[in-house]
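**Q** First the structure, then my questions, so here it is.
The values are calculated or read from the model by the stated rules, or taken from the named source; none is laboratory data. Because the structure is predicted, anything quoted here is derived from the model rather than measured. All Cβ positions, even for glycine, are placed from backbone atoms using ideal geometry, and neighbour counts span all protein chains on display. Areas reflect the complete protein model, heavy atoms only, side chains present, ligands, DNA and RNA absent. Shrake-Rupley method; radii C 1.70, N 1.55, O 1.52, S 1.80 Å.
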Amino acid sequence: MNQIKKLLIIGFVWPEPKSSAAGGRMMQLISIFKENGFEITFASAAQDSNFMVDLSEFGVIKKSIELNSSTFDDFILELNPDVVLFDRFMIEEQFGWRVIEKCPKAIRILDTEDVHCLRTARQKAFKENRIFELEDLLSEEVAKREIASILRCDLSLIISEFEMNILKDVFKINEDLFFYLPFLVDEMKEEELLKLPSFDERKNFIFIGNFLHEPNWNTVQYLKEAIWPSIKRDFPEAILEVYGAYPSQKVLQLHQPKNGFYIMGRAEDANEVVKKARVVLAPIRFGAGLKGKLLEAMQCGTPSATTSIGSEAMHENLPWNGFIEDDSVEFAKKAIELYKDENLWRQSQKNGIKIINKCYQKSTYSSQLISLINSLLIDSKSHRLHNFMGNLLQHHAYTSTRYMSKWIEAKNK
């Protein structure tokens with residue numbers, strides 16, 4: 001009889017699948033490991049939140065842990081996991097050395113969520129009003145930390161093929177150290193569109209996104225200042241509903257009903273509000289990874305208008321489920337066309353289904369991931385021997401991190 005394998009996930013935050021794509025992504029990972037017989041413990045040093053998922057409903061053990069505390073050492077020694085998954089590189093920096101020290105045989109996996117240094121470098125270029133160049137990544141402080149974290153782990157999960165190419169071509173990382181794992185959803189048939197609200201049953205434009213994420217706040221500012229005035233000029237009765245978790249006061253101040261610009265706050269059920277809308281507007285100007293809001297739009301049968309950054313690595317060579325446009329004036333024109341032209345709208349819906357079924361099939365990727373992890377469990381030694389740079393970084397970084405953490409712990413006492 002096979003021994004049950006144990007997975008420890010160390011979370012940056014507790015998963016909130018209804019608040020962010022990152023929360024949804026984490027729940028997808030949990031379901032893959034659950035379906036393959038892993039016993040899962042989810043640990044985090046984050047505060048509980050009102051909107052966190054009840055992990056016990058998914059058969060996952062919840063454990064609160066402390067930063068810079070040897071209580072974590074006792075906890076992981078007792079748990080003795082076979083696999084440890086770090087939720088973002090900052091968590092690997094904080095806890096990685098403790099995992100190595102107490103459970104050296106455990107396979108260490110990093111879920112990058114997106115490549116943070118790409119997002120920060122693009123944001124910096126945008127704020128400096130210049131074009132982002134791939135060379136910008138090489139001087140990015142976050143890149144040094146993030147790439148070191150990827151090298152120290154046995155495997156990193158990368159959500160975007162564009163980011164896979166950056167890791168290979170810009171940072172020269174061995175492909176054995178990462179695995180492409182996009183968002184994962186079930187297959188969708190065209191007949192399912194008939195169960196969704198029809199063109200005539202839908203109304204209004206919509207934007208949806210967690211406001212703790214800087215690209216979302218920037219997108220709403222761009223909509224308000226540059227795109228919405230053009231839409232309203234040519235389509236006076238247009239209404240835009242902006243939904244998102246954790247809106248700040250500066251977001252709420254954009255609420256302007258007389259101009260058809262509504263700040264709606266958190267959506268109780270994102271799927272429901274997206275299904276009722278006719279078009280999703282997402283003119284994203286910087287960011288990284290895949291955009292959960294745009295995949296969700298496809299699943300809801302809601303065409304979307306986005307930018308080249310928004311659609312990056314999301315649709316291979318397939319036609320978009322709406323349109324991709326970087327010029328604000330053209331964006332506004334095409335948004336109105338997509339909203340009013342029923343034939344274009346219906347074709348865009350069908351495009352979305354083709355993208356879902358080609359690019360995001362859970363069955364395609366989950367078995368490959370588990371097979372790869374099982375092979376690492378059988379022979380991690382040779383895999384690690386071939387990762388000299390990772391071993392080098394581990395030796396130096398973990399020595400310094402270890403002493404810093406122990407100093408903070410002693411100081412806190």
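**Q** Given a Förster distance of 45 Å, report the FRET efficiency between ASP74 and ASN174 from their Cβ-Cβ distance, rounded to the nearest 0.05.
**A** It comes to 0.85.
**Q** Along each of its three principal axes, how wide is the spread of alpha-carbon positions in segment 92-227, in whole angstrom units, largest first?
**A** Principal extents (largest minus smallest coordinate, Cα): 60, 41, 27 Å.
**Q** Within 10 Å, count the other beta carbons around each residue, average over each peptide in 239-251, 360-372, and list them highest first.
**A** The peptides rank, most packed first, as 239-251, 360-372.
**Q** Take every Cα-Cα distance within segment 152-195, group them into 10 Å bins from 0 onward, and report for each bin the whole-number percent of pairs it holds.
**A** For segment 152-195, the pair-distance distribution reads 24, 38, 16, 15, 7.
**Q** Taking one equal scatterer on every alpha-carbon of segment 151-226, how large is log10 of I(q)/I(0) by Debye at q = 0.16, 0.21, 0.23 1/Å?
**A** -0.93, -0.98, -1.02
**Q** Please give the residues of segment 70-95, grouped as numeric ranges, whose backbone N is less than 15 Å from a label point set 7 Å along the Cα-to-Cβ vector of SER49.
**A** Inside the label zone: 87-88.
**Q** Quote the FRET efficiency, to the nearest 0.05, computed for VAL329 versus LYS124 with a Förster distance R0 of 30 Å and r equal to the Cβ-Cβ distance.
**A** The formula returns an efficiency of 0.70 here.
**Q** If you don't mind, there's one more thing I want to ask. Using the Cα atoms of the chain to build a convex hull, what is its mean projected area in square nanometres?
**A** Its Cα hull, projected and averaged over all orientations, spans 21.4 nm².
**Q** Length gain on complete extension for the stretch GLU192 to MET27, per 0.36 nm per residue less the alpha carbon to alpha carbon distance?
**A** Difference between extended and current length: 57.0 nm.
**Q** Moving on. If eta is 1.567 mPa s and T is 4 °C, what Stokes-Einstein diffusion coefficient results for segment 261-413, Kirkwood Rh from Cα pairs, in µm²/s?
**A** 67 µm²/s
**Q** I want to verify the translational diffusion coefficient of segment 16-141 in µm²/s; compute it with Stokes-Einstein, Rh as the Kirkwood radius over Cα pairs, at 25 °C and 0.890 mPa s.
**A** 147 µm²/s
**Q** Starting from the Kirkwood radius over alpha-carbon pairs of segment 198-326, derive D by Stokes-Einstein at 4 °C in a medium of 1.567 mPa s and give it in µm² s⁻¹.
**A** 88 µm²/s
**Q** Under the rule of -39500 (n - 2.57) per DSSP H run of 4 or more residues, summed and divided by the residues of the chain, what mean residue ellipticity at 222 nm is obtained, to the nearest 500 deg cm²/dmol?
**A** Result for the chain, helices only: -14000 deg cm²/dmol.
**Q** Please give, to one decimal in nm, the separation of the simple spin-label points placed at SER139 and HIS255, each 7 Å out from Cα toward the Cβ.
**A** Output for this residue pair reads 4.3 nm.
**Q** With equal scatterers on the alpha carbons only and no solvent term, can you work out the Debye log10 of I(q)/I(0) for segment 223-299 at 0.15 1/Å?
**A** Each listed q maps to, in turn, -0.59.
**Q** At 1.4 Å probe radius, can you tell me the per residue accessible area of the chain in Å²?
**A** 46 Å²
**Q** Now, a different point. How far is helix 116-127 tilted off the main Cα axis of the chain, in degrees rounded to 10, range 0 to 90?
**A** 40 degrees
**Q** For a distance above 17 Å, tell me the whole-number percent of Cα pairs in segment 317-396 that qualify.
**A** Roughly 68 percent, once rounded to a whole number.
**Q** While we're on this one: Restricting things to alpha carbons, tell me how big segment 101-144 is in terms of Rg and Dmax, in Å.
**A** In order Rg, Dmax, the Cα atoms of segment 101-144 give 15.1, 47 Å.
**Q** I would also like to ask the following. At a 1.4 Å probe, what is the % contribution of carbon and sulfur to the accessible area of the chain?
**A** 51 percent
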